[in-house]
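A short worksheet on the structure shown next.
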Amino acid sequence: QVQLVESGGGLVQAGGSLRLSCAASRSSFSISAMGWYRQAPGKQRELVALITRGSSINYGDSVKGRFTISRDNAKDTVYLQMNSLNPEDTAVYYCYALWLSHNYWGQGTQVTVSS
């Protein structure tokens with residue numbers, strides 16, 4: 001089992017920035033991939049950013065150039081730096097981990113961007 005604890009969501013004005021953090025209960029060296037998905041009301045959950053154990057990174061098309069994912073293996077934590085936020089980024093952001101071929105999710109943190 002992997003527990004994921006997220007922090008850093010909140011309310012921000014358009015053009016602003018936020019940083020999300022996700023701490024894992026297991027060593028990040030044992031986790032194949034960690035990252036973030038988001039789900040807006042009435043929409044499907046979508047990929048935001050994913051980083052593998054080998055540090056390969058994938059971003060969702062809508063966040064490329066604005067969001068940056070990073071990983072601190074010493075703290076077993078993944079970060080999502082979100083810049084140039086716009087109202088379309090409003091969603092619940094979920095931390096994700098792939099461990100031993102099983103998917104794990106955090107409880108979600110709300111990000112709201114006002115226009």
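Key figures
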quantity	calculated
Residue that is nearest to the chain's Cα centre (by Cα) [pool: residues in region 65-76 that are open to solvent by less than 60 Å² (accessible area, probe 1.4 Å), at pLDDT 95 or above and within 29 Å of Ser25 (Cβ to Cβ)]	Ile69
Lys43 open to solvent by 70 Å² or more (accessible area, probe 1.4 Å), in a loop (DSSP other than H, G, I, E, B) and touching a Ser or Thr at 6+ places or on another chain (Cβ under 9 Å)	no
Evaluation of Ser27 against (1) modelled with pLDDT under 95; (2) more than 13 Å from Trp105 (Cα to Cα); (3) out of contact with any Asp or Glu (no Cβ under 7 Å at 6 or more places or on another chain); (4) not aromatic (Phe, Trp, Tyr) (one fails), failing number	(3)
Residue in region 105-113 that is without any contact (Cβ under 8 Å) to a residue 24 or more places away in the chain and open to solvent by 40 Å² or more (accessible area, probe 1.4 Å) present	no
Filter result for the condition that a residue is touching a strand residue (DSSP E or B) at 6+ places or on another chain (Cβ under 9 Å), within 16 Å of Gly106 (Cβ to Cβ) and among the small types (Gly, Ala, Ser), over Ser55, Ser7	Ser7
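The values are calculated or read from the model by the stated rules, or taken from the named source; none is laboratory data. Just so it is clear, the model here is predicted, and its values are computed rather than measured. All Cβ positions, even for glycine, are placed from backbone atoms using ideal geometry, and neighbour counts span all protein chains on display. Calculation scope for accessible area: heavy atoms of the full protein, side chains included, ligands and nucleic acids excluded. Shrake-Rupley method; radii C 1.70, N 1.55, O 1.52, S 1.80 Å.
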